[in-house]
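K.L.:
There's a structure below that I have some questions on.
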Amino acid sequence: MVKTHDMNRHFTDVSSVYRGVRTTDREPVERIAMVLKGLPCPKGADIGCGPGRYDLLMFETIPELHLTCIDANRAMLEQVRALLAAKGIDAFETRQSTVEELELEASAYDFVSSFNAVHHFDFRDFLRRSRDGLAASGHLLVYTRLPAQNARTIWGRYFPGFTKKETRLHELADMQRWIEDTPGLRFVNATSLRYPRRSSLERLVEQVRSRHYSTFALYEPDALEHALAVFQKRVRDRFNGTVEWYDENVLVHARRNND
Ligand SMILES: C[S@@+](CC[C@H](N)C(=O)[O-])C[C@H]1O[C@@H](n2cnc3c(N)ncnc32)[C@H](O)[C@@H]1O
């Protein structure tokens with residue numbers, strides 16, 4: 001079991017490099033913009049916002065957006081504030097809170113989003129707290145990857161121990177059931193998204209060393225170096241120069257009932 005304070009320290013350590021080592025996908029944000037189309041001045045809360053790469057993309061994609069950026073980690077919130085301010089965006093506030101302690105203003109939000117973060121929370125607690133913050137018919141949008149999708153990444157296929165270490169990701173059937181079991185929420189749909197990726201081995205090694213997925217922080221340093229050496233050999237044997245694979249994610253959409 002990963003200790004919460006160890007993970008929080010991991011996120012503090014990676015906060016200043018995180019945006020540079022992760023790939024930001026436009027599709028989920030474009031889909032969220034479609035869901036919100038027609039709502040004047042949508043008000044949202046992004047939970048587990050990290051350094052704000054998806055918050056910036058939402059501001060660039062969703063007109064008249066107002067956003068509350070929420071994260072447990074202070075260093076991440078400093079990054080999000082600096083990023084949005086540097087782009088001249090001021091229709092946001094930041095809030096330091098864990099999901100487990102979060103109390104959103106009741107029925108105040110048109111949508112709640114969370115990108116690449118729900119495997120760090122108690123998902124059912126996250127659902128209840130998001131529901132309380134949502135206005136009637138408000139939208140809950142969760143972007144994450146499923147265990148099988150994780151297994152098909154370059155890391156799942158070639159990095160020793162990666163899928164075994166990563167036990168936190170949720171199955172879609174579980175997420176759907178937890179949504180349906182939460183009074184006041186209903187499941188709308190789940191959309192799988194698939195992206196072709198290409199990279200160099202050097203860049204992949206750099207991403208591991210900067211722990212771009214928190215899964216890498218679950219290895220002891222020696223074990224990580226050993227696994228990295230095996231990964232490099234496997235990738236060299238399989239690919240000639242450019243490394244190509246598909247990443248997959250799912251966008252889960254739920255709504256607050258009109259009660
Ligand atoms: C993998 S990062 C994703 C960040 C961002 N959404 C993105 O996609 O770039 C997960 C984030 O969740 C935050 N987090 C982890 N546990 C949390 C909790 N219990 N409550 C709130 N935030 C948490 C971490 O501090 C981190 O910023």
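The values are calculated or read from the model by the stated rules, or taken from the named source; none is laboratory data. Given the structure is predicted, the values throughout are model-derived calculations rather than measurements. Glycine also receives a Cβ, built like all others from the backbone with ideal geometry; neighbour counts cover every protein chain displayed.
K.L.:
For Pro160, state whether it is more than 22 Å from Arg53 (Cα to Cα), modelled with pLDDT under 95 and out of contact with any strand residue (DSSP E or B) (no Cβ under 7 Å at 6 or more places or on another chain).
P.N.:
On the way: more than 22 Å from Arg53 (Cα to Cα): yes; modelled with pLDDT under 95: no; out of contact with any strand residue (DSSP E or B) (no Cβ under 7 Å at 6 or more places or on another chain): yes.
Spelling it out, it is not the case that Pro160 is more than 22 Å from Arg53 (Cα to Cα), modelled with pLDDT under 95 and out of contact with any strand residue (DSSP E or B) (no Cβ under 7 Å at 6 or more places or on another chain).
K.L.:
Looking at region 130-179 only, could you name the residues that are within 16 Å of the ligand (Cβ to nearest atom) and among the acidic types (Asp, Glu)?
P.N.:
Asp132, Glu166 - these are the residues of region 130-179 that are within 16 Å of the ligand (Cβ to nearest atom) and among the acidic types (Asp, Glu).
K.L.:
Scan region 200-218 and tell me whether some residue there is part of a helix (DSSP H, G or I) and of a type in the set (Lys, Arg).
P.N.:
Filtering region 200-218 for residues part of a helix (DSSP H, G or I) gives 201-209, 214-218.
Okay, now just the ones that are also of a type in the set (Lys, Arg), so 203, 209.
Yes, that holds for at least one residue.
K.L.:
Further question on the same structure: Given (1) touching a Pro at 6+ places or on another chain (Cβ under 9 Å); (2) within 15 Å of the ligand (Cβ to nearest atom), where does Leu127 come up short, assuming only one miss?
P.N.:
Of everything listed in (1) touching a Pro at 6+ places or on another chain (Cβ under 9 Å); (2) within 15 Å of the ligand (Cβ to nearest atom), Leu127 misses just condition (1).
K.L.:
Counting only residues that are farther than 30 Å from Phe111 by Cα and either touching a Lys or Arg at 6+ places or on another chain (Cβ under 8 Å) or of a type in the set (Phe, Trp, Tyr) (or both), how many does region 229-254 have? Working first, answer last.
P.N.:
If we filter region 229-254 for residues that are farther than 30 Å from Phe111 by Cα, which is where we start, we get 229-245.
Now narrow it down to the ones that are either touching a Lys or Arg at 6+ places or on another chain (Cβ under 8 Å) or of a type in the set (Phe, Trp, Tyr) (or both): 231, 239, 242-245.
Counting residues in region 229-254 that are farther than 30 Å from Phe111 by Cα and either touching a Lys or Arg at 6+ places or on another chain (Cβ under 8 Å) or of a type in the set (Phe, Trp, Tyr) (or both) gives 6.
K.L.:
Is it the case, given these coordinates, that Val250 is among the β-branched types (Val, Ile, Thr), in contact with a strand residue (DSSP E or B) (Cβ under 7 Å, 6 or more places away or on another chain) and touching a residue at least 24 places away in the same chain (Cβ under 8 Å)?
P.N.:
Values: among the β-branched types (Val, Ile, Thr): yes; in contact with a strand residue (DSSP E or B) (Cβ under 7 Å, 6 or more places away or on another chain): yes; touching a residue at least 24 places away in the same chain (Cβ under 8 Å): yes.
Taking the combined requirement at face value, the residue satisfies it.
K.L.:
If Glu171 meets every condition in (1) loosely packed, with under 14 Cβ neighbours inside 10 Å; (2) under 16 Å from the mean Cα position of the chain (by Cα); (3) modelled with pLDDT under 95 apart from one, which number is that one?
P.N.:
Condition (3) is where Glu171 drops out.
K.L.:
Residue under question is Ala148, and the condition is that it be touching a residue at least 60 places away in the same chain (Cβ under 8 Å) and surrounded by fewer than 17 Cβ atoms within 10 Å (Cβ to Cβ); does it hold?
P.N.:
Working: touching a residue at least 60 places away in the same chain (Cβ under 8 Å): no; surrounded by fewer than 17 Cβ atoms within 10 Å (Cβ to Cβ): yes.
No; evaluated as a whole, the condition is false for this residue.
K.L.:
Here is a check on your reading of the model: is Glu60 surrounded by fewer than 17 Cβ atoms within 10 Å (Cβ to Cβ) and under 15 Å from Asn116 (Cα atoms)?
P.N.:
Working: surrounded by fewer than 17 Cβ atoms within 10 Å (Cβ to Cβ): yes; under 15 Å from Asn116 (Cα atoms): no.
No: the conditions fail for Glu60.
K.L.:
State whether one or more residues within region 220-236 are without any contact (Cβ under 8 Å) to a residue 12 or more places away in the chain and within 16 Å of the ligand (Cβ to nearest atom).
P.N.:
Looking through region 220-236, none of the residues is without any contact (Cβ under 8 Å) to a residue 12 or more places away in the chain and within 16 Å of the ligand (Cβ to nearest atom).
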